[in-house]
Structures are given as structure tokens and as C-alpha cells.
Amino acid sequence: MTKRVYNFYAGPATLQYKALERAQKELLNFNNTGMSVMEISHRSKEYDAVHKEASNLVRTLMRIPDEYKILWLQGGASTQFYMVPLNLQQKGKPMEYVNTGAWSKKAIKEAKFYGDVNVVASSEDENFSYIPKNVNFSDKAAFAHITGNNTIYGTEWQEYPKTSDNVPLACDMSSNIMDRVIDPKQFAVIYAGAQKNIGPAGVTLVIVREDLLDRVSENTPTMQKWKTHAEKDSLFNTAPCWAIYMCKLCLEEVKNLGGIKEIEKTNRKKAQMLYDVIDKSNGFYKGHAKKDSRSLMNVTFNLETPELEEKCVKEALEHNLVGLKGHRSVGGMRASIYNAMTLEGVKALVDFLKEFQENNS
Ligand code: PMP
């Protein structure tokens, strides 16, 4: 087995080992075609099967009802920051956002190009360490928007807010899609850059309720309408075939591991193990997120001084624990423990953190 480290990067992030192994095996000769998936036409029957299966896996794993379209797009989640308002805006109606961090702010900035934005709740007053409670969206909004998990701050909605029936709720799930069982019907739109919890960078998953596809103004550039991609099953233009193929392999692993229900159990165990270290450290490790808002995916914490944090990151590296430096806007450390991170990886990190505390307190 090739030497691998435990990779805690926030994204691109660790992928399922078996998916990588399978990709390696098929790299030069995919399915007896004598070609790599990277070399095959996106119109070929071989690629078409991959494409359909990737979408099927999303649908079955997340139990997405038939009235939703599954799209594979390019441009990252950042492109959806403007495609959401562009496709959902309605003349004279405000767009309502919850501001739970840097990615929410970026989404809000893009929406403002299209009209009035109401920020109905925010946790900026406490450096985004919590998810606002009792969020109320009006029934006059064109749509509402939230960020499911705040990658930088390590906070996550435990229970998603409700909107009235006529107000579609859009959610940026870039860093928590498929981390737990959800009811997709709570949302009109779900989007996620693939590079954290689905597969490699290069493709963005968009799940959108079909009845919303006609909202977009006719004089919108073709590529910017979800409808264009929905009508052509995400093959209007050349799809990012390799990235979608990798997503398919990774999602097959999720399925083999028992689906999202089982993944959620493991995710809860993994997160609990790390939060226990923080909570039992007598303040040596200080968690950034309030307990009731803690993320299953990104565990953020600080040590007494930046020097100690630097030492911790450096020594972790010597233990093959990579990618633990926190985002510059929060500082400290962050362990991203997405679906592909194993229990063993988290155990290795837990052991290291306990030992580091013993040697440095
Ligand atoms: N939203 C969230 C919650 C993210 O964590 C990120 C990436 N870190 C983005 C959006 C931006 O994604 P992309 O780089 O795919 O545009």
C-alpha cells in the first residue's frame, strides 16, 4: 500500500482510498475502451453510463424526489452565489439571507447585484461562533438563502429553518452535503462544490426543484440558466467528465459503507471524539464554535498562543497529520473530518492532541 498521511485539509480534501485505487486501476484503460475516462467523448455511451450513475447515486443516497433535477456544473459554489439570485429573483421582492460567515457574506454580495437583500439574521457579532436561533423569513421574499455549514468557523445548522410554502429555501451545502440524513424537501435548491464531501474539485452539484426552472428571465445568458443544464441532463456543453467520474467512485464507496445513515453515525462518532478532547482539556484547547452549533465536518479550536498553535501544527505534521492550520480569519487549528476521513484518522489525531497537551501544559 502506498504511504498515505491523514489529511485534514478543508478542501480539496481527503478522498475514499478505494475510490482512488479504482481510478488508478482504470486510469489507462477504462471499461475495456483502451482509453482513460479523461480521453473519452462526453457524448460516448461509456461516459454516459458514468454520468447517469453519478446522478443516480446522488438521488438514491440523498433520497431526492423525482421533482428535483440533479445538475453537475462548473465554476464552483462561488458561481452559484450569483446563479441562485439570477435564477430565483422576482421583481419587487427582496431576497433574504442569513449571514453565518465568510461564505454567506460572499453569497450576499453577489445577490446585491440583482436587487434588495435583507439579512434576516447574523452571527457576525461573535465572530460567527454560532448559528442564529429562531430565524424568521418573511412570506414576501423571492427566496431565502442559508449556508449549511460554515467551513471556516466550524458551525453547522443542527435544524434547518423553515420558510413559508411560497418562499423557496436555497442552501449552500458545500462543506456538509451528505454528512447526515436530511429531508431534501425542506429545500428548493441545494448546491455544493464537490471538493469537500463528494469528490475532487472541478464540479459543483446543484439540486433544484423543477418548478423553479421557469422563473429565470428569458434574456439571461444561456449557460447561466439552470434550465439549460436541466433540459440537457448537464450535457449542454462538455461536462467535467473526470471530476464526475471521481464523484461516482466516491459515492459508490458511501453506498458500500451503508449509505448516509451509516456515514452519519460514523461522522457523529468522529466529531464527538475530537470535541471530547477539547472539552476535557481544561482550556488547553479552546473550541471556536458554541456547543449547540458545532459542525460535524470542521472542528475549529485555538491554543493559548499563536506560537503554541504553530508548534502543534508542525509536530502534527511529523505524525503524518496534515492540513490542521486554521483559516487565517479565525486562526488556530481546524480539523476537517469529511465523510472520507476514517475513524482511524481521527483516532490518530486524538492521540496526538492528548500527547501534545501532556507535553506542553
Ligand atoms: N461555500 C462554502 C461553505 C465553502 O466552504 C466554499 C469553499 N471553501 C465555497 C462556498 C466556495 O466554493 P468554490 O471554491 O467551489 O467556489
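Things to note:
- Residue in the range 244-263 that is in contact (Cβ under 8 Å) with a residue 24 or more places away in the chain and farther than 30 Å from Glu46 by Cα present: yes
- Ala144 falls short of the stated requirement of being within 16 Å of the ligand (Cβ to nearest atom), assigned to a strand (DSSP E or B) and either touching a residue at least 24 places away in the same chain (Cβ under 8 Å) or on the phi > 0 side of the Ramachandran plot (or both).
- Conditions (1) touching a strand residue (DSSP E or B) at 6+ places or on another chain (Cβ under 6 Å); (2) polar (S, T, N, Q); (3) within 21 Å of Arg209 (Cα to Cα); number of the one not met by Ser78: (1)
- Extreme residue, farthest from the ligand (Cβ to nearest atom), among residues of the range 118-141 that are of a type in the set (Ser, Thr, Tyr) and either assigned to a loop (DSSP other than H, G, I, E, B) or at pLDDT below 95 (or both): Ser138
- Members of the range 84-94 found to be of a type in the set (A, V, I, L, M, F, W, C) and surrounded by fewer than 24 Cβ atoms within 10 Å (Cβ to Cβ), listed by number: Leu86
- For the range 326-340, the count of residues that are outside the structural domain of Lys196 (by TED's automatic domain parsing) and at positive phi is at least one.
- Counting only residues that are part of a loop (DSSP other than H, G, I, E, B) and more than 30 Å from Asn134 (Cβ to Cβ), the range 271-321 holds 11 of them.
- Within the range 325-350, the set of residues being in a loop (DSSP other than H, G, I, E, B), touching a Leu at 6+ places or on another chain (Cβ under 8 Å) and over 22 Å from Met178 (Cβ atoms) comprises Gly332 only.
- Condition met for Tyr114 (surrounded by 23 or more Cβ atoms within 10 Å (Cβ to Cβ) and modelled with pLDDT of 95 or more): no
- Hey, Leu20 over 30 Å from Val117 (Cβ atoms) and modelled with pLDDT of 95 or more or not: yes
- Selection count, the range 320-329, where residues are under 19 Å from Lys286 (Cα atoms) and either in contact with a Phe, Trp or Tyr (Cβ under 6 Å, 6 or more places away or on another chain) or surrounded by 22 or more Cβ atoms within 10 Å (Cβ to Cβ) (or both): 3
- Whether a residue is touching a helix residue (DSSP H, G or I) at 6+ places or on another chain (Cβ under 6 Å), buried (at least 17 other Cβ atoms within 10 Å of the Cβ) and either modelled with pLDDT of 95 or more or under 24 Å from Val181 (Cα atoms) (or both) was assessed, and Thr228 passes this test.
- Highlighted here are the helices (runs of 4 or more DSSP H) found entirely within the range 1-115 that include at least 1 residues which are within 14 Å of the ligand (Cβ to nearest atom) and either among the basic types (Lys, Arg) or not assigned by TED's automatic domain parsing to the domain that holds Val350 (or both): 76-88, 102-111.
The values are calculated or read from the model by the stated rules, or taken from the named source; none is laboratory data. Every value quoted in this text rests on a predicted model; they were computed, and no experiment measured them. For neighbour counting, all protein chains shown are included, and Cβ atoms are generated from backbone atoms with ideal geometry for every residue, glycine included.
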